[in-house]
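Where a number appears in this text, it was derived from the coordinates with a stated rule and is not lab data. What you are looking at is a predicted structure, and each value in this text was computed from that prediction instead of being measured. Don't worry about glycine lacking a Cβ; one is built from the backbone with ideal geometry, like all the others, and counts go over all protein chains shown.
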Amino acid sequence: MQIPYGKQDITEGDLSAVLDVLKSANLTQGPQIPKFENCIKQATNSNYAVAMNSATSALHAACLALGVGKGDVVWTTPLTFVASANCVLYCGATIDFVDIDKDSYNLSPSLLEAKLRDARSKGLSLPKVVIPVHLSGQPCEMEKIHALAKEYEFKIIEDASHAIGGRYKNQPIGNCEYSDITVFSFHPVKIVTTGEGGVATTNDKLLAQRMGLFRSHGITRDPSLMTEPTHGDWYYQQIELGFNYRMTDIQAALGVSQMDRLHDFVAKRHALANRYDDLLEDLPLVLPKQSPDSYSGRHLYVIKLRSEDLQVSHAQVFDYLRQRSIGVNVHYIPVHTQPYYQALGFRCGMYPNAEAHYERAMSIPLFYGLTLEQQDTVVETLRAVLK
Ligand SMILES: Cc1ncc(COP(=O)(O)O)c(C=O)c1O
């Protein structure tokens, strides 16, 4: 049987929560959305949460809410899913990248500082927004990035697609202490799922209001935002060019039900990851390091091959595991190496840490329902191919 690298956990409780919505009057724009948003606010200690149909939509709405547009520059890490960078291009702005730290695999604060200093000294554009990504759920060094944001006057969107339930300096990811907006994904391979879905959290009322507008066509029913007195109860105004980025109540109900198990989900991932740490210790691998001041969401367990000690290549190890029904994956193909980004002028070799990571990294199965037996199979198969 196939052991996937990630998989949702669905209980009878989840099923009945979804069924209840299907039997109700509102499949969308009903009471489950604010309920789910409240769950996220509580879990993250944030003041506002705006649910959308994906993290991609939430990243786009977050950029728009911060005023990103033509002529602006936004920086992110090259070692991420393309959505962290695409959201900037959707706004007509320019994307650029800051290479990763070799140990945490996250955007490097020291390389960020060097790039900012260099840009300022040469009179080049400074970023309007920086998007650090908490890769695998491991929080970025937000305190340092935030200090740079103050000095260089940029805004911060945390891409926490992998990090719900994680903590940084003992505070929940998503509380926006060191950022303007935090975005989570609820795709089925993530820690908590709504099928497809995303949420943006913020402590800024205006940003929440603007993201709410972009989520729903730029339309408001709030008289205080209208240009003239309401014509009646039916009346609404379109005051921005928005989208249909709404989450359905079916999805939100699943999210509400799943959020009850958030701590359990993350704790189990930690237990499995710790077990991998013990079982893989003697193999020619670099295992994921955990930073002492944070608690990862543990979305992914990424091993890196010590290629210099191995007779087999990255691709051979990958194929060996896949042929034996172990659903390994690679996170990520550096964004700047994608043909679309190459056509924008990016070149291989520009972000060597991310590129070196890509050549050796592999995500092995890690999800709530992974059994110890399945985990042993993954370890034994890896041992067999690496020996
Ligand atoms: C780091 C990161 N950002 C953004 C996204 C986009 O999330 P979604 O699939 O919810 O749009 C993903 C999804 O894989 C991701 O891994």
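Annotation note: of TYR295, TYR341, TYR320, the sole residue that is within 23 Å of GLN2 (Cβ to Cβ) and among the aromatic types (Phe, Trp, Tyr) is TYR320. Taking region 1-83 and the helices (runs of 4 or more DSSP H) fully enclosed by it, the elements with 3 or more residues that are within 29 Å of PRO109 (Cα to Cα) are at 32-44, 55-65. Pairing each residue of region 57-81 that is farther than 16 Å from ALA160 by Cα with any residue that is of a type in the set (D, E, K, R) and within 16 Å of the ligand (Cβ to nearest atom), provided the two are 6+ apart or on different chains, yields no C-beta distance under 6 Å. Residues that are in contact with a helix residue (DSSP H, G or I) (Cβ under 8 Å, 6 or more places away or on another chain) and surrounded by 22 or more Cβ atoms within 10 Å (Cβ to Cβ) within region 157-171 comprise ILE157, GLU158, ASP159, SER161, HIS162, ALA163, ILE164, GLY165, GLY166, TYR168, listed in sequence order. Could you list, in sequence order, the residues of region 67-101 that are farther than 20 Å from LYS115 by Cβ and either aromatic (Phe, Trp, Tyr) or away from the ligand (no atom under 14 Å from the Cβ) (or both)? GLY67, GLY69, LYS70, PHE81, TYR90, CYS91, GLY92 - these are the residues of region 67-101 that are farther than 20 Å from LYS115 by Cβ and either aromatic (Phe, Trp, Tyr) or away from the ligand (no atom under 14 Å from the Cβ) (or both). Checking each residue in region 116-144 for being in a helix (DSSP H, G or I) and either under 11 Å from the mean Cα position of the chain (by Cα) or within 16 Å of the ligand (Cβ to nearest atom) (or both) picks out LEU135, SER136, GLY137, MET142. For region 219-228, the condition of being without any contact (Cβ under 8 Å) to a residue 12 or more places away in the chain, of a type in the set (Gly, Ala, Ser) and either in a strand (DSSP E or B) or surrounded by fewer than 16 Cβ atoms within 10 Å (Cβ to Cβ) (or both) holds for at least one residue. Only a single item in (1) more than 16 Å from the ligand (Cβ to nearest atom); (2) of a type in the set (S, T, N, Q); (3) closer than 24 Å to PRO127 by Cβ is not met by SER185, and it is number (1).
Scanning region 146-182 for residues that are more than 10 Å from the ligand (Cβ to nearest atom) and aliphatic (A, V, I, L, M) yields ALA147, LEU148, ALA149, ILE156, ILE157, ILE164, ILE173, ILE181.
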